[in-house]
There are 2 protein chains.
Amino acid sequence: MVLMERTTTPTLLLDRDICKANIRRMAEKAQKQNLRLKPHMKTHQSVQVGEWLKEYGISAITVSSVKMAQYFAKDGWEDITIAFPCNVRQLPELNDLAKDISLTLLINKPKTVSLLEKQLKNPVNTYIEIDTGSNRSGFVSDNITEIKKLINVIEKSNYTNWIGFYSHAGHSYSCRSTKEISAVQNSIVSQFDTLKKHIEPVFGTFEICSGDTPCCSIADNFGSIDAISPGNFVFYDLMQTQIESCGLSDIAVAMKCPVVDKYSGRNELIIHGGAIHFSKESIIQDEKNHYGTVAQKVDGHWEPIDDTSHLKKLSQEHGVIHCSKQVFNNFDIGDTITVLPVHSCLTANLMAEYQLTDKKGTKVGMMD
Amino acid sequence: MVLMERTTTPTLLLDRDICKANIRRMAEKAQKQNLRLKPHMKTHQSVQVGEWLKEYGISAITVSSVKMAQYFAKDGWEDITIAFPCNVRQLPELNDLAKDISLTLLINKPKTVSLLEKQLKNPVNTYIEIDTGSNRSGFVSDNITEIKKLINVIEKSNYTNWIGFYSHAGHSYSCRSTKEISAVQNSIVSQFDTLKKHIEPVFGTFEICSGDTPCCSIADNFGSIDAISPGNFVFYDLMQTQIESCGLSDIAVAMKCPVVDKYSGRNELIIHGGAIHFSKESIIQDEKNHYGTVAQKVDGHWEPIDDTSHLKKLSQEHGVIHCSKQVFNNFDIGDTITVLPVHSCLTANLMAEYQLTDKKGTKVGMMD
């Protein structure tokens, strides 16, 4: 009987109801806070999830690559920000995009402007990136002199139009409570409020867009921020529950994997589901790497099957689940088992397809 | 001038000469040791690399999934082992494969045999997996009673033919010297020699196949082992150099990535090349996670550009390279930079295409 089910290989399940509830919550929050929601599409990379976003009035989106911008532009999205330091090696592709849509690029250096202006044929909007604490890319917010210089360079160029500032507060991922998330957000708001006081009198009004899922999910203080661009919130995952951005019941994706072997001496199930399905992203739990939590659906939401059963090790195709005796006894070779992923963005990127948890098990495509 | 090069996005370079030298070395070693080389194709997943293997007389291969078996069977390979605990949910696919090729499966439980025999329509060969110390899957080698029972169950079934034992000594990946690798190999050989003494008098001759890249690269003692199935050796990577399976000059793949931003205060270059290109696999160096080493070609081999420049952090699409002042000054926005990957199997799986380092920059495809 077990063999009659249709799952033959690792499958990424997507619960539409949970996903749409996550979208609705964020859209309502943005509306209440008078923020424009420009969701980041890198998590789901799917025109279908894009359709659900449209139902909540979303018209502008954020992506992390030119390829992703092309994919969503082809689906009719007309206002796209590529939230990645502009890759000048893709100028032909950028020219093509800028011909058809309102394209916004991130520019952090005068050098990028000079390389762009030699070949850009259509106008683009530009954000300058602010490094609000993640130490990845962008200006620190009090580097007013250099920021003003770059705005001038951008404004002087014929094809680049400066529209404001962008920040991804990646450092919120090291938070472990809503209190810590709020503290990060307060720091971001304070940095932007000060920056605005320096820039607005000289250059007039502009937009501030900030968008990490932890802060956008939890914070109430948005100060001078005008727009948000969270991405992960559509699905959430174990990492976000550890940060306290969401509850376990908000997680909208789960991996369904065949059980292929089992070892009673150590209470371990071997599944088809490895690093090329889950990704090697891990969280630390009880001082050990942890790649996923065994889950079951209860009242329409996934919840951990118990306190201990988790994915402890990943090879390329194998997963090793360490579990309680009860879970061990409940699963046999030929069954499937469901595991909540640590980082839904990377898992989705690897799986490249969703299966909805509707009765039909509808398949939903992603970017190639 | 920089912009005239063809690399626009992260690109996985493959040096054919280094790869073929790696293949030749392993093929010659196998011949000298009187071992059959049944290379694992999961590292490269490419019919082109398969062609190079054929040049050294290889006729039997190992894969880690049914999909990979289908891909290589379509390319004309007629002797394929799926070195993964048999996934009984893929019986229709297994039946199709067994119709056309000599298919070998891994069976570790009587339950798997009983599920197979209900639906299997064509005969398959089977290995029983021996857990020689990796604690992933298979019988411990001294569990003679259960091993004998399973051989009997397999032999009784009409469509399963027992041919021997298989082991992947994943625990060799924790070695950090050739001496440690040799110790792991000696332990494996000792386990198999003892097992053979118990099994051969009862069941007659059979084959023993063992195949992790560290042991196959370094060991000289193969005892009762008849065949080897290493995979990573075709490319090697930083992880293998840390284990001491190979030298840096043996690494056959490298990532070429656009530099998109730079930060002089912290000597950091931002590249297009993130977790969805390299994978999140890391090694520990100086007590920190390390995702790649900045390299340059010298005398036909990649070598580290200096002692310090490395990939220190990965987001989904961003990489952060921490480098020496000299390297920092030598690379600007719009350039490309080359990085040796930590785990070539996972990087190749993500990149899904190679670019040869020949003059034409020939593209080489992989399994979809």
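Taking neighbour Cβ counts within 10 Å as the exposure measure, how do A:K196, A:K179, A:K54 sort from fewest upward? Before the final figure, lay out the partial values.
Values: A:K196 19, A:K179 10, A:K54 14.
Final ranking by Cβ density, sparse to dense: A:K179, A:K54, A:K196.
What three numbers, in Å, describe the spread of the alpha carbons of chain A along their principal axes, ordered from the longest?
69, 41, 35
For A:272-280, what's the mean count of beta carbons from other chains sitting within 10 Å of each residue's beta carbon? Could you put the intermediate results ahead of the total?
Numbers: counts 8, 0, 4, 7, 9, 0, 0, 7, 8.
Mean number of neighbouring Cβ atoms from other chains: 5.
Neighbouring Cβ atoms within 10 Å as the yardstick, rank B:D212, A:D100 fewest first. Display every interim value, and only then the final one.
Details: B:D212 31, A:D100 12.
Least to most surrounded, the residues fall as A:D100, B:D212.
Compute the distance in nm between two label points, each set 7 Å from the Cα along the Cα-to-Cβ direction, one at B:S177 and one at A:H198.
With each label placed 7 Å out from Cα toward Cβ, I get 5.4 nm.
So for the range B:195-324, if I pair up every lysine 8 or more residues apart or on another chain, how many of those pairs have alpha-carbons under 29 Å apart?
19
Counting only residues 5 or more places away or on other chains, whose amide H sits under 5 Å from the amide H of A:K262 once H atoms are built in the peptide plane?
When sequence neighbours closer than 5 places are left aside, the close amide H contacts are A:I270.
Considering amide H positions built from the backbone, and no H for Pro or chain starts, which residues 5 or more places from B:S167, or on another chain, come under 5 Å of its amide H?
It is B:I130, B:C209, B:S210, B:G211, by chain and number.
Quick one: with label points 7 Å out along Cα→Cβ, list the inter-copy distances for B:I284 in nm, shortest first?
When each copy's label point is compared with this one, the spacings are 1.0 nm.
Grab the beta carbon distance between A:K67 and B:N95, set R0 = 41 Å, and tell me the FRET efficiency rounded to 0.05. The partial results should precede the final answer.
On the way: r = 38 Å, r/R0 = 0.93.
Computed FRET efficiency for A:K67 and B:N95 comes out at 0.60.
Residues of A:326-336, mean number of Cβ from any other protein chain within 10 Å of their own Cβ, rounded to a whole number? List each step's numbers first, then the result.
Details: counts 0, 0, 0, 0, 0, 0, 3, 12, 7, 1, 1.
Across A:326-336, the average partner-chain Cβ count within 10 Å equals 2.
Relative contact order of the range A:44-153, please, whole-number percent, based on alpha carbon pairs below 8 angstrom and at least 6 residues apart. Spell out each step's value before the answer.
On the way: 139 pairs, mean separation 20.6, N = 110.
19 percent.
With 10 angstrom as the radius, rank B:I61, A:I225, A:I283 by how many other C-beta atoms surround their C-beta, starting from the fewest. Kindly include the intermediate steps, with their values, before the conclusion.
Working: B:I61 24, A:I225 27, A:I283 19.
Exposure proxy ranking, most exposed first: A:I283, B:I61, A:I225.
What is the percent of Cα-Cα separations in the protein assembly as shown that go past 44 Å?
For the protein assembly as shown, the fraction of Cα-Cα distances above 44 Å is 27 percent.
Would you calculate the convex hull of the Cα atoms in the range B:186-239 and tell me its volume per residue in Å³? Kindly include the intermediate steps, with their values, before the conclusion.
Numbers: hull volume 3.9 nm³, N = 54.
It is 73 Å³ per residue.
For Cα pairs less than 8 Å apart in space and 6+ apart in sequence, what is the mean separation divided by the residue count of the range A:307-355, i.e. the relative contact order in percent?
Numbers: 28 pairs, mean separation 11.7, N = 49.
Relative contact order for the range A:307-355 comes out at 24 percent.
Suppose a student asked you for the relative contact order of chain B, using Cα pairs under 8 Å spaced at least 6 residues apart; what percent would you report? Each step should come with its number before you reach the end.
Values: 775 pairs, mean separation 72.4, N = 368.
The value is 20 percent.
In square nanometres, what is the average projected area of the Cα convex hull of the range B:78-230?
Details: hull surface 34.7 nm².
Average projection, Cα convex hull of the range B:78-230: 8.7 nm².
In sequence order, what are the phi-derived ³J(HN,Hα) couplings for the range A:132-138 according to the Karplus relation 6.51 cos²θ - 1.76 cosθ + 1.60 with θ = phi - 60°, rounded to whole Hz, with x for glycine and proline?
Taking θ as phi minus 60°, the curve returns 7, x, 7, 6, 9, 8, x Hz for the range A:132-138.
Of the DSSP beta bridges with both residues in chain A, give the percent that are antiparallel, rounding to the nearest 5. All intermediate terms of the calculation are to be shown ahead of the outcome.
Numbers: 37 of 67 bridges.
Restricted to chain A, the bridges split so that about 55 percent are antiparallel.
Between the range B:222-264 and the range B:290-346, how far is it from one alpha carbon centroid to the other, in angstrom?
Using only Cα atoms, the two centres lie 15 Å from each other.
How far is helix B:144-156 tilted, in degrees, relative to the longest principal axis of the Cα atoms in chain B, given as a value from 0 to 90 rounded to the nearest 10?
80 degrees
Taking each residue in A:38-46, count the Cβ atoms of any other chain within 10 Å of its Cβ, then average. What number comes out? Spell out each step's value before the answer.
Working: counts 0, 0, 1, 0, 4, 1, 0, 1, 0.
Across A:38-46, the average partner-chain Cβ count within 10 Å equals 1.
What FRET efficiency do you get for B:Q119 and A:R24 if R0 is 51 Å and r is their Cβ-Cβ distance, rounded to the nearest 0.05? Provide the component values of the computation, followed by the final result.
On the way: r = 45 Å, r/R0 = 0.89.
With R0 = 51 Å, the Cβ-Cβ based efficiency is 0.65.
Each residue of the range A:55-69 in turn: what ³J(HN,Hα) in whole Hz from Karplus with 6.51, -1.76, 1.60 and θ = phi - 60°, glycine and Pro shown as x?
Result, rounded to whole Hz: 4, 9, x, 6, 10, 10, 10, 10, 9, 10, 8, 5, 4, 5, 5.
Rg and Dmax of the range B:1-145 over Cα atoms: what are they, in angstrom?
18.6, 70
For the range B:7-53 and the range A:160-202, what is the separation of their C-alpha centers, rounded to whole Å?
Value for the Cα centre distance between the two parts: 49 Å.
To confirm my reading of the symmetry, which residue of chain B has the Cβ nearest the axis that brings B onto A, and what whole-Å distance does it have?
Residue nearest the B-to-A axis, with distance in whole Å: B:K280, 2.
Ranked highest first by the average count of other Cβ atoms within 10 Å around their residues, in what order do B:266-279, A:159-172 fall?
B:266-279, A:159-172
Using alpha carbon coordinates only, what is the Rg to Rh ratio of the range A:157-314, with Rh defined as the Kirkwood radius? If you can, show how the numbers build up before the last one.
Numbers: Rg = 20.6 Å, Rh = 18.4 Å.
In the range A:157-314, Rg relative to Rh is 1.12.
Helix B:91-100: angle to the longest alpha-carbon principal axis of chain B, degrees 0 to 90, nearest 10?
Helix B:91-100 and the main axis of chain B meet at about 80 degrees.
Once Rh for the range A:70-116 is found with the Kirkwood sum over Cα pairs, what is the Stokes-Einstein diffusion coefficient at 37 °C and 0.692 mPa s, in µm²/s? Write out the running numbers ahead of the final one.
Numbers: Rh = 11.2 Å.
Using the Kirkwood radius from Cα pairs, D works out to 294 µm²/s.
Largest first, please: the extent of the C-alpha atoms of the range A:131-202 along each principal axis, to the nearest Å.
Between the extreme Cα coordinates on each principal axis of the range A:131-202 lie 46, 22, 17 Å.
Could you go through the range B:242-259 in sequence order and give the Karplus-derived ³J(HN,Hα) for each residue, using 6.51 cos²θ - 1.76 cosθ + 1.60 with θ = phi - 60°, rounded to whole Hz, and x for Gly and Pro?
Per-residue couplings from phi come out as 5, 6, 6, 6, 7, x, 4, 6, 8, 6, 9, 10, 8, 9, 9, 10, x, 7 Hz.
Within 10 Å, count the other beta carbons around each residue, average over each peptide in A:131-143, A:249-261, A:20-32, B:32-44, and list them highest first. Working shown, then result.
Numbers: A:131-143: 19.5, A:249-261: 24.5, A:20-32: 16.9, B:32-44: 21.6.
Packing order, densest peptide first, comes out as A:249-261, B:32-44, A:131-143, A:20-32.
Could you size up the charge dipole of chain A around its Cα centre, putting +1 on the beta carbon of Lys and Arg and -1 on that of Asp and Glu, and report it in debye to the nearest 20?
Working: 39 positive and 43 negative charges, 130 e Å.
My answer is approximately 620 debye.
Name the residues of the range A:270-303 whose amide N is less than 18 Å from a point 7 angstrom out from the Cα of A:Q326 along the C-beta direction?
Only A:293-299, A:302-303 fall inside the zone, counting backbone N under 18 Å.
Please express the Cα-Cα pair-distance distribution P(r) of the range B:88-148 as a list of whole percents, one per 5 Å bin, running from 0 to the bin with the greatest distance.
4, 17, 25, 22, 14, 12, 6, 0
By how many degrees, between 0 and 90 and to the nearest 10, does the Cα long axis of helix A:178-203 differ from the longest principal axis of chain A?
The angle comes out at about 20 degrees.
None of the figures in this text is laboratory data; all of them are computed from the coordinates on show. Note that the structure is predicted; figures quoted are calculated from it, not measured. Positions of Cβ are generated from backbone atoms using ideal geometry, with glycine treated the same way; all protein chains shown enter the neighbour counts.
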